[in-house]
Amino acid sequence: MTFQPLDEPIRSRRNHWVNQIATHAAMRPDHVAFRFKGVDTTWKQLHERSEKFADALSRRGVGFGDRVLILALNYTEYIEAVMGINALGAIAVPVNFRLTPPEVAYIVADSGAKAVVTDSVLRPLAVGVAAQAPQLETVVVINGQTGDGVIGYDDFLAEEGEPHAPLDIPEDSPCLIMYTSGTTGTPKGAVLTFANMNAQGLTCIRATEVTADTIGFCTSPLFHIAGLGSLTPFFILGCKTVLHPLGAFDATEFLDAVEAEQATSAFCVPAQWQLICEEPTVKQRKLALRVLSWGAAPASDSVLRAMADCFPDAVNVAVFGQTEMSPITCVLEGKDALRKIGSVGLPIPTIQARVVDDEMNDVAPGEVGEIVYRGPTLMQGYWNKPEATAEAFHGGWFHSGDLVRQDEEGFIYVVDRKKDMIISGGENIYCAEIENVLFAHPKIREAAVVGRAHEKWGEVPVAVVALVEGADDLTLEELEPFLNESLARYKHPKHLVVVPELPRNASGKVVKVELRKAYSE
């Protein structure tokens, strides 16, 4: 059988988010794509504004394969910028806005970015970094005025000139460089492709039960893969997303917004869900939430039970993964949430996963090993770091660095990060195991465990905890009988530090490098 080639260019058949937006702009132009602070952006508007952004970048010399930084809070313009960058075959580089100038400068230098998109709040940081980086020739400011070497976002879109030439952008082209949070050292840029993100979208559709009438509620910062990754199913299906402004998390404001928008799906980190469940009016709200999802940090049994109590009609879904995997690798479905408390679920159907020892041999169920991956969501590698890429792909599999055990049904339980393991007197001690026990203590609100050097044992565990409101104090002596019920003596923390709260990065993860600096000596 033979086929006549279509008159249309092959680019219109590419299955990636630039074309998905174009499709919705053509088929449902007036449907709302995003809502931010009460302002709606339709699919047609999103497509047209993204194309204008691409035009303006192209006239400034940005083209296929070039990198453009985005250093901004959450706005609809953030999405427009990513799509405009990608429409040129260029690569968006979202940057954590909480980084210091030297940390941002490192990413600028490492990525070789030619332009930066920022906002009026972060403009001083972006301008300061650009002044030290001659290759950053263009600084575009959301909600900002043109002048002093920068151009306002709206002025950028309104410029007259030649449009960019339509490009055929293959699905295996890079669309994002996502720099890791740097909690364990110098950030590495994970190179993610359009195909990676499309596979991520299909995972999210299945895991969080996204349908055509879903209204998503995005609280995650868009510089984090949990933010952009969570939007992928909405690009595929053309659903509406409500972007929540970033700032100090307020459970009452969250519930007010979710109730007003009648959002049906929301992702939060466990610390946020804990605050939401403690909000006095949560059970009196008229909410439409039918899917609750969480990840980025472990959730205690008490938080999971509180979520079930406060949202009895909603499905509770845990997602687990990492930036290099776009990010989801395991999902704990709602039907298993309480039956498998402590588990991050089963590997998603679209990837291969193994639990292996240091020689890449599969370990038996119940034994601890490192989980390694293959599959369509796996990054291309680390930008400009061939040695780190080779190390991560040792043996033909991506090494996650996560130590896990797998039960007889295949459910994964995270034991610890490989680099976070304490070796005390020749015994392996997994910090996460101790933390899970500490979480259950009635006086402890949050906990983290790090290692401290010891002359006799090599290392010993140190527990750093924040107490629940109303708790006066907690001592190691008081904690010992409680620990005896669940932990062998050699696993007990040898020191206890009580702090007001644990340091966390923007994704909700405890920044253990800070705790090690403060308490490991």
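Among the helices (runs of 4 or more DSSP H) contained in the range 403-521, which hold 2 or more residues that are farther than 26 Å from Val269 by Cβ?
476-484
Considering only residues that are small (Gly, Ala, Ser), closer than 11 Å to Val95 by Cα and at pLDDT 90 or above, which ones fall in the range 173-191?
Across the range 173-191, the qualifying residue is only Gly189.
Any residue that is outside any strand (DSSP E or B) and touching a Phe, Trp or Tyr at 6+ places or on another chain (Cβ under 8 Å) - is there at least one of those in the range 43-51?
Yes: the range 43-51 contains one or more residues that are outside any strand (DSSP E or B) and touching a Phe, Trp or Tyr at 6+ places or on another chain (Cβ under 8 Å).
Filter the range 342-355 down to residues that are part of a loop (DSSP other than H, G, I, E, B) and loosely packed, with under 15 Cβ neighbours inside 10 Å, then give me how many there are.
1
Give me the residue from the range 392-402 that is small (Gly, Ala, Ser) and not in a strand (DSSP E or B) and, out of that set, nearest to Gln322 (Cα to Cα).
Among residues in the range 392-402 that are small (Gly, Ala, Ser) and not in a strand (DSSP E or B), the one nearest to Gln322 (Cα to Cα) is Ala392.
Could you tell me whether Val465 is more than 24 Å from Ser302 (Cα to Cα), assigned by TED's automatic domain parsing to the domain that holds Val513 and touching a residue at least 12 places away in the same chain (Cβ under 8 Å)?
no
Name every residue in the range 277-318 that is aromatic (Phe, Trp, Tyr) and within 21 Å of the chain's Cα centre (by Cα), in order of residue number.
Listed by number, the list holds a single entry, Trp294.
Is there any pair linking a residue in the range 257-271 that is of a type outside the set (S, T, N, Q) to one that is surrounded by fewer than 24 Cβ atoms within 10 Å (Cβ to Cβ) and part of a helix (DSSP H, G or I), with Cβ under 6 Å and at least six apart or on different chains, and which?
Every condition considered, the pairs that remain are Pro270/Val303.
Does Glu459 qualify as being loosely packed, with under 15 Cβ neighbours inside 10 Å and either more than 27 Å from Val331 (Cβ to Cβ) or of a type in the set (Lys, Arg) (or both)?
No: the conditions fail for Glu459.
From the list Ile85, Ile70, which residue is in the same structural domain as Val140 (by TED's automatic domain parsing), farther than 16 Å from Lys240 by Cα and assigned to a strand (DSSP E or B)?
The unique qualifying residue is Ile70.
If we keep just the residues of the range 357-388 that are among the β-branched types (Val, Ile, Thr) and at pLDDT 95 or above, which is farthest from Glu324 (Cα to Cα)?
Only one residue fits best here, namely Val363.
Under 6 Å by Cβ, and 6 or more places apart or on different chains, what pairs join a residue from the range 477-506 that is at pLDDT 90 or above with one that is exposed (fewer than 15 other Cβ atoms within 10 Å of the Cβ)?
Hits for this filter: Leu496/Leu476.
When you scan the range 106-137, how many residues do you find that are more than 17 Å from Phe223 (Cα to Cα) and among the small types (Gly, Ala, Ser)?
6
Pick from Ala271, Ala251, Ala212, Ala260: which is surrounded by fewer than 18 Cβ atoms within 10 Å (Cβ to Cβ) and under 27 Å from Ala306 (Cβ atoms)?
Ala260
Find the residue count for the range 275-296, including only residues that are within 27 Å of Ala432 (Cβ to Cβ) and without any contact (Cβ under 8 Å) to a residue 60 or more places away in the chain.
The number of residues fulfilling the criteria is 6.
Within the range 27-39, which residues are exposed (fewer than 15 other Cβ atoms within 10 Å of the Cβ) and within 27 Å of Phe254 (Cβ to Cβ)?
Of everything in the range 27-39, those that are exposed (fewer than 15 other Cβ atoms within 10 Å of the Cβ) and within 27 Å of Phe254 (Cβ to Cβ) turn out to be Lys37, Gly38, Val39.
The values are calculated or read from the model by the stated rules, or taken from the named source; none is laboratory data. Everything numeric in this text was worked out from a predicted model, so none of it was measured. No Cβ is skipped: glycine too gets one built from the backbone with ideal geometry, and neighbour counts run over all protein chains shown.
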